[in-house]
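The values are calculated or read from the model by the stated rules, or taken from the named source; none is laboratory data. Owing to the predicted nature of the structure, the values given are computational and were not obtained by experimental measurement. Neighbour counts are summed over all protein chains in view; Cβ atoms, including those assigned to glycine, are modelled from backbone coordinates with ideal geometry.
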Amino acid sequence: MSKSRIRFALIALLAAAGPLQQAHAGPWKKHLDPITGEGGSRPWLRTLIHMHSLQSHDACDKKPIKDGVPNERCLEDFRRGLCQEHVDLVFITEHRDTLTSISLAETIPVRDDDRLLLEAGTVVGTEHTCPDGHKLTMYIGAENQMMSLGLTRHPDVLPGKDLEQTYNDLSPEAAQNFREAGAIVAMSHAEEEKKSVEQMRAIKPELIEAYNLHANLMQDVYPKRKYGQALKTLLKALSFMSNPLSQSDLIFHSFFKENDKALTKWGQLATDMEVTGIAGTDSHQNAINLKMWDGERVDSYRRTIRWFSNWVRLPVSPTRTQALEALKHGKSMIVIETLGDPVGFDFTATSSKGEHAMGDRIEWQNVAEGGLDLHVKLPRSNPSSVRARILKATGSGWVTVAESADANLDFKVTEPGAYRSELWMKPKHLKRHLIGNWHLIKPMPWVYSNPIYVR
């Protein structure tokens with residue numbers, strides 16, 4: 001038998017093995033562990049923002065509810081995925097068409113084993129205890145033209161509009177209306193042209209999506225008149241899916257792309273206002289109902305949850321107010337979790353006034369004489385080569401002002417501005433999990449911190 005026929009026979013045999021494809025690569029952490037620091041502390045809570053469940057018409061293959069009966073199988077996928085990946089906090093963000101026809105409390109997929117979270121007798125969220133004892137908190141929200149996170153009631157109906165139009169309004173009045181209903185405002189899909197920097201400055205969102213999963217796919221799969229790029233992206237995904245030798249969860253690496261437009265707008269906004277950057281999972285379990293080699297559909301809730309999240313500095317089981325305040329004040333970072341666990345990472349500043357944390361505002365006139373230094377501390381465990389960056393917000397976006405390879409990074413601030421940090425990684429440690437896809441071993445972002453503001 002020729003070498004080519006032997007090679008073909010081996011590939012066919014591996015393909016037939018299906019779920020057994022992981023045996024060659026050694027252990028892969030299919031499910032994320034709870035975030036723990038030194039001494040078992042919980043310095044961060046794994047937080048998902050922009051999640052769709054049964055009250056979004058396009059969730060669950062566009063069949064979240066049929067003839068008034070909830071899609072319990074899809075809901076179980078949703079809840080199981082959150083528990084398997086040890087998510088601590090979820091802001092559910094449903095669409096307006098279903099949201100406006102029910103009470104706000106009904107947007108939370110509550111089941112008998114959940115504990116209702118109340119404020120002044122009103123349901124504002126729920127706490128679920130996972131099979132392994134992990135606690136998961138869910139809060140109420142909506143996603144239309146903007147996201148309103150942590151609502152305690154429906155917003156007041158705006159003049160000349162109905163409730164559905166009120167939820168879908170994109171104006172400073174609508175944003176303030178959401179705040180009066182208990183929420184903070186996030187600019188979802190910031191890459192969209194209709195959401196200009198000038199408009200966002202008027203709205204003053206507390207948060208902006210610096211990355212959105214659907215936007216990542218749509219900019220390639222649905223670009224205007226760019227069918228060649230769409231085909232190229234599709235072929236990349238199909239090529240990964242056809243390979244039984246690569247870890248299925250890492251299909252994310254085959255299409256991940258930074259959201260350059262959203263990142264640029266975030267930097268432009270940060271020159272004169274404080275706005276927290278977040279990653280939007282935007283998961284519906286409705287996009288690609290095809291099974292991969294591990295037996296799980298491509299876009300399962302569990303898989304999309306596994307890819308990335310927002311790490312927020314919060315106590316365990318925070319109140320709604322505590323969670324919103326931490327996000328509003330930038331006590332969070334975006335983490336690509338397929339690359340590993342960045343516990344130990346920190347971005348701080350020191351001056352004669354003491355130490356300043358991510359999200360803090362520092363008055364330049366109070367520290368200019370004694371000086372201000374920024375510090376990037378690498379995680380306690382770096383699985384591959386890591387590059388640290390410090391970036392400054394400018395009128396054209398973010399500009400790198402300092403960089404280091406495989407070392408902590410310090411930078412002396414010489415002028416006011418908004419400064420944030422990034423970690424980039426070339427994931428060589430994933431080589432054994434990407435057999436046949438080694439072209440994906442290339443630098444990609446691991447952590448986006450939020451800024452420290454020097455005004």
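Overview of results
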| read-out | value |
| --- | --- |
| Checking residue 105 against (1) in a loop (DSSP other than H, G, I, E, B); (2) out of contact with any helix residue (DSSP H, G or I) (no Cβ under 9 Å at 6 or more places or on another chain), the condition it does not meet | (1) |
| Unique residue being within 21 Å of the chain's Cα centre (by Cα), over 24 Å from residue 209 (Cα atoms) and not hydroxyl-bearing (Ser, Thr, Tyr) when the list is 427, 416 | 427 |
| Odd one out for residue 180, checked against (1) of a type in the set (Asp, Glu); (2) surrounded by fewer than 16 Cβ atoms within 10 Å (Cβ to Cβ); (3) touching a His at 6+ places or on another chain (Cβ under 8 Å) | (3) |
| Condition met for residue 151 (under 30 Å from residue 341 (Cα atoms) and either in contact (Cβ under 8 Å) with a residue 24 or more places away in the chain or among the hydroxyl-bearing types (Ser, Thr, Tyr) (or both)) | no |
| Among residues of the range 263-281, those that are over 16 Å from the mean Cα position of the chain (by Cα) and under 17 Å from residue 46 (Cβ atoms), counted | 0 |
| Residue count, the range 355-373 (criterion: in a strand (DSSP E or B) and crowded, with 17+ Cβ neighbours inside 10 Å) | 3 |
| Selection status of residue 352, under 24 Å from the mean Cα position of the chain (by Cα) and among the polar types (S, T, N, Q) | no |
| Subset of the range 37-81 [part of a helix (DSSP H, G or I) and surrounded by fewer than 24 Cβ atoms within 10 Å (Cβ to Cβ)] | 38, 39, 40, 72, 73, 74, 75, 76, 77, 79, 80, 81 |
| Members of the range 295-306 that are out of contact with any strand residue (DSSP E or B) (no Cβ under 7 Å at 6 or more places or on another chain) and of a type in the set (A, V, I, L, M, F, W, C) | 298 |
| Strands (runs of 3 or more DSSP E) completely within the range 376-455 that count 2 or more residues being of a type in the set (A, V, I, L, M, F, W, C) and in contact with a Ser or Thr (Cβ under 6 Å, 6 or more places away or on another chain) | 385-394 |
| Candidates 352, 332, filtered to the one that is in contact with a helix residue (DSSP H, G or I) (Cβ under 9 Å, 6 or more places away or on another chain) and crowded, with 22+ Cβ neighbours inside 10 Å | 332 |
| Residue tally, condition modelled with pLDDT under 95 and of a type outside the set (S, T, N, Q), over the range 368-382 | 5 |
| Residue match in the range 66-74 (condition: assigned by TED's automatic domain parsing to the domain that holds residue 185, in contact with a helix residue (DSSP H, G or I) (Cβ under 9 Å, 6 or more places away or on another chain) and of a type in the set (Lys, Arg)) | no |
| Verdict on residue 446 being closer than 28 Å to residue 28 by Cα and in contact with a Pro (Cβ under 9 Å, 6 or more places away or on another chain) | yes |
| Every residue from the range 115-135 that is under 29 Å from residue 163 (Cα atoms) and either crowded, with 16+ Cβ neighbours inside 10 Å or touching a residue at least 60 places away in the same chain (Cβ under 8 Å) (or both) | 117, 119, 123, 124, 125, 126, 127 |
| Residue ID - modelled with the lowest pLDDT, chosen from residues in the range 190-236 that are of a type in the set (Ser, Thr, Tyr) and surrounded by fewer than 16 Cβ atoms within 10 Å (Cβ to Cβ) | 222 |
| Residue in the range 385-416 that is nearest to residue 374 (Cα to Cα), counting only those that are among the small types (Gly, Ala, Ser) and in contact with a Pro (Cβ under 9 Å, 6 or more places away or on another chain) | 393 |
| Failed item in (1) under 30 Å from residue 249 (Cα atoms); (2) without any contact (Cβ under 8 Å) to a residue 60 or more places away in the chain, with residue 436 passing the rest | (2) |
| Unique match (being within 22 Å of residue 275 (Cα to Cα), surrounded by fewer than 14 Cβ atoms within 10 Å (Cβ to Cβ) and under 25 Å from the mean Cα position of the chain (by Cα)) among 376, 447, 399 | 399 |
